[in-house]
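Right, one structure below, let's go through it.
The values are calculated or read from the model by the stated rules, or taken from the named source; none is laboratory data. Source: prediction; values computed, not measured. So basically every Cβ, Gly included, is an ideal-geometry build from the backbone, and we count neighbours across all protein chains shown. With ligands, DNA and RNA removed, areas are computed over all heavy atoms of the protein, side chains included. Shrake-Rupley method; radii C 1.70, N 1.55, O 1.52, S 1.80 Å.
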Amino acid sequence: MESRFHHIFLGPTNKQLVHRQLALKAFFLGLFFSVSGFSAHAAEPGDLELEPLLVREPERREVEVDDLDSEDFEIGVFGGVMNVEDFGSDTVTGIRAAYHVTEDFFVEAVYGKTTLGQTSFELLSGGAPLLSDEDRDMQYYNVSLGWNIFPGEAFVGRRWAFKGSLYVIAGAGSTEFGGDDRFTINAGVGYRLIATDWLAFHVDVRDHFFESDLLGTMENKHNIEFSGGLTFFF
């Protein structure tokens, strides 16, 4: 009777309070897991559903590539001015043919001709000419090796761009005038501007070096040639 009175009027004991707190905690934990979708037990690997990985293929576009021309032979004409030492300057014309071994090197054969003027001795002395009119016709031929040292592009205005190359060239051949043939070494520099796949323009400066005793003593002669021309590829 005393214990019931104590329980009703004095409230629950400490042990009962602990049991009530544990029950409340268990209730709220169960409510949290049921709302959030989690279960109390550990998830099995088979229970996890993975979304498939989507791989997007890159968009491809068709590109048409022009066929490269394979013309290795080049032939053309040139004209300009040639200064022959002791005989002054006169018009020079000729033809040239080349074979491009690689993109960097080519072999060239040249034939040219000019007419010699009078020497200063002939002009001042007023005597008999040193050469007849026929002997004043000078012609030369040579075979040379060229090297494209600076290939690139040349721009004409804002819209036009052409392939071109600065090259050096050197070779050997023969020069004929005055009834004699003279072994000749030539060397120079030029620029080739490729206008189309079959047409090119050239500007050249070359030195034709040979020995001559036409004036009485053997001397080394440097004969400078300035020329321009056009060539065709085939």
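Summing +1 for each Lys or Arg and -1 for each Asp or Glu among the other residues whose beta-carbon sits under 15 angstrom from that of Asp137 gives -4. Amide H contacts under 5 Å for Leu199: Phe233, restricted to partners 5 or more places along the chain or on a different chain, H placed in the peptide plane at 1.01 Å from N. Under 5 Å between amide hydrogens, built in the peptide plane, is the criterion, and for Ala172 it picks out Val143, Asn186 among residues at least 5 positions away or on other chains. What does the C-alpha gyration tensor say about the overall shape of the stretch 68-129? Classify as rounded when a/c is under 1.5, otherwise prolate if a/b is larger than b/c, or oblate. Here the stretch 68-129 falls in the prolate category. The string of couplings for the stretch 145-157 from the Karplus curve (6.51, -1.76, 1.60, θ = phi - 60°) is 10, x, 9, 7, 8, 9, x, x, 10, 10, 9, 10, x Hz, one whole number per residue in order, with x for Gly and Pro. Near Asp72, the amide H atoms lying under 5 Å from its own belong to Phe234; only residues 5 or more places off or on other chains count, and H is placed 1.01 Å from N.
Taken about its Cα centre, the stretch 153-222 carries a charge dipole of about 680 debye when Lys and Arg each add +1 at the Cβ and Asp and Glu each add -1 at the Cβ.
Under the combined filter of DSSP loop state and at most 10 neighbouring Cβ atoms within 10 Å, the stretch 130-181 retains these trypsin sites (Lys or Arg not before Pro): Arg158, Arg159.
Projected onto the charge dipole of the stretch 66-206 (+1 at Lys/Arg Cβ, -1 at Asp/Glu Cβ, origin at the Cα centre), which of Pro129, Gln118, Phe73 gives the Cα projection farthest towards the positive end? Ranked along the dipole, the leading option is Gln118. Residue order by solvent-accessible surface for Phe201, Phe150 is Phe150, Phe201, largest first, with ligands and nucleic acids left out and a 1.4 Å probe. The phi-based Karplus calculation (6.51 cos²θ - 1.76 cosθ + 1.60; θ = phi - 60°) puts the 3J(HN,Hα) values of the stretch 99-115 at 10, 8, 5, 9, 5, 9, 10, 8, 10, 10, 10, 10, 10, x, 8, 8, 10 Hz, whole numbers, x for Gly and Pro.
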